[in-house]
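For reference, the structure is listed below as structure tokens.
The values are calculated or read from the model by the stated rules, or taken from the named source; none is laboratory data. These figures come from a predicted structure and were not determined experimentally. Every residue, glycine as well, gets a Cβ built from its backbone with ideal geometry; the counts of neighbours run over all protein chains shown. Accessible surface areas use protein heavy atoms only, side chains included; no ligands, DNA or RNA. Shrake-Rupley method; radii C 1.70, N 1.55, O 1.52, S 1.80 Å.
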Amino acid sequence: MITGFHHAQITIPKGSEEEARNFYCGLLQLKEIPKPQSLLGRGGFWVQVGDQQLHIGTEDGVDRLRTKAHLAYEVEDLRSLERLLADNGIQVEESVPIPGYERFEFRDPFGNRVEFIKRA
């Protein structure tokens with residue numbers, strides 16, 4: 001029986017780990033966690049998000065701008081994150097309303113669709 005999510009994975013182009021670390025660990029302040037030794041040669045890195053993990057893998061030949069697939073991060077202060085992204089050149093887009101929530105979407109520097117969501 002399924003009991004929950006252990007981790008989610010997104011991908012970035014091969015060789016762009018430092019740019020991704022600057023965005024996810026620097027700007028968004030997610031903490032990088034160690035990858036197992038057996039996976040180090042595959043590229044990418046892992047971060048902690050609350051009590052779960054986000055695995056940032058590498059993959060070329062993917063048009064990330066063409067997909068609706070995304071992760072939705074639950075946040076405490078939606079407006080300060082919106083300002084932080086705008087101040088760093090990230091275009092924020094309004095989302096279709098969901099009753100009981102405030103939210104917006106954006107694309108990370110690699111084209112991955114991202115949602116920030118907060119209970120209203």
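Figures for the structure shown
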read-out: Under 13 Å from the Cα of Lys118 - aspartates and glutamates, other chains or at least 8 residues apart; value: Glu74, Glu76, Asp77, Glu82, Glu102, Glu105
read-out: Mean separation of Cα contacts under 8 Å (6+ apart) over length of the chain, as relative contact order %; value: 24 percent
read-out: Of [x] 15.4; [y] 14.0; [z] 16.7, the label for Kirkwood radius over Cα pairs in Å derived from the coordinates; value: [x]
read-out: Region 49-120: trypsin sites (Lys or Arg not before Pro) in DSSP loop, at most 15 other beta carbons within 10 Å; value: Lys68
read-out: Over the chain: helical MRE at 222 nm, DSSP H runs n ≥ 4 each giving -39500 (n - 2.57), nearest 500; value: -3000 deg cm²/dmol
read-out: Cα-based reach from Lys35 at 29 Å (exclusive), listing lysines while leaving out same-chain residues under 8 positions away; value: Lys14, Lys68
read-out: Surface accessible to a 1.4 Å probe, Thr3 within the full protein complex, Å²; value: 140 Å²
read-out: Accessible-area composition of the chain, carbon plus sulfur, in percent [1.4 Å probe]; value: 50 percent
read-out: GluC sites (Glu not before Pro) restricted to DSSP loop in region 1-64 with at most 16 other C-beta within 10 Å; value: Glu59
read-out: Charge dipole magnitude, Cβ of K and R +1, D and E -1 - the chain, Cα centre, debye nearest 20; value: 240 debye
